[in-house]
Amino acid sequence: MAADAAILILRVVLGLTMAAHGYNKFFGGGRIPGTAGWFESIGMKPGMFHARVAATTEITAGLGLALGLLTPVPAAGFVALMLVAAWTVHRANGFFIVKEGWEYNLILAVAAVAIAGTGAGRYSLDYVLFSGTGFYDYLHGWWGLAIAAVLGLAGGVGQLAIFFRPPVKS
């Protein structure tokens, strides 16, 4: 039971943190137009498309992980989001977050994949809706880990390959 409570705490904190980032893109300072301009400036074009996709994915992946609903899928969203962020924004700054490096991106992605591997626990919608079914086996363990990692990496690498065009520095 303590392990289920611990996973619940981790899921909720990680998930709501990610959802808050998406909410901020929609409703914070610059809203979607400001976020779109920023995406354009870092080479993710078209900016408006990426602003909407990123904000929506952050909210849905965050809430999905927090609720423990189809856990490997939102975990894959974390991986894709954090891979794109690390590559486009933080890579040149090195590892450490104090220098705006990719350390935070790594922690969020790996924590989400680890949750997909352990499973969302008894206090999750996965458990409530699917325990006792064969489908539940795909929502944790090696299947959960593989789905989160492979789907997330494919999504992030695919997005970078198709859309990322680094700005030319003058």
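The values are calculated or read from the model by the stated rules, or taken from the named source; none is laboratory data. Please read all numbers here as calculations on a predicted model, not as lab measurements. Surface areas here come from the heavy atoms of the whole protein model, side chains and all, with no ligands, DNA or RNA. Shrake-Rupley method; radii C 1.70, N 1.55, O 1.52, S 1.80 Å.
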Calculate what fraction, in whole %, of the accessible area of the chain sits on carbon and sulfur atoms when a 1.4 Å probe is rolled over the protein chains.
73
Please check: in the Gaussian network model of the chain (C-alpha springs, under 10 Å), which one of Ile32, Ile59, Ile107 has the largest mean-square fluctuation.
Ile107
Once whole DSSP H runs in the chain are found, which of them have Cα atoms spread over 27 Å or more along the helix axis and a mean Kyte-Doolittle score of at least 0.5?
2-27, 47-67, 141-163
Suppose all protein chains stay in the model; what accessible area per residue would a 1.4 Å probe give for region 1-163, in Å²?
51
Put one equal scatterer on each alpha carbon of the chain, apply the Debye formula with no solvent term, and list log10 I(q)/I(0) at q = 0.08, 0.11, 0.12, 0.18 1/Å to two decimals.
-0.25, -0.46, -0.54, -1.08
Mind checking which aspartates and glutamates have their C-alpha under 15 Å from Lys25, skipping anything on the same chain fewer than 8 residues away?
Glu40, Glu58
Considering only Asn24, Asn105, Asn93, give the residue with the highest GNM mean-square fluctuation for the chain, with springs between Cα atoms whenever their separation is below 10 Å.
Asn93
For Ser131, what accessible surface area do you get with a 1.4 Å probe? Give it in Å², rounded to 10.
50
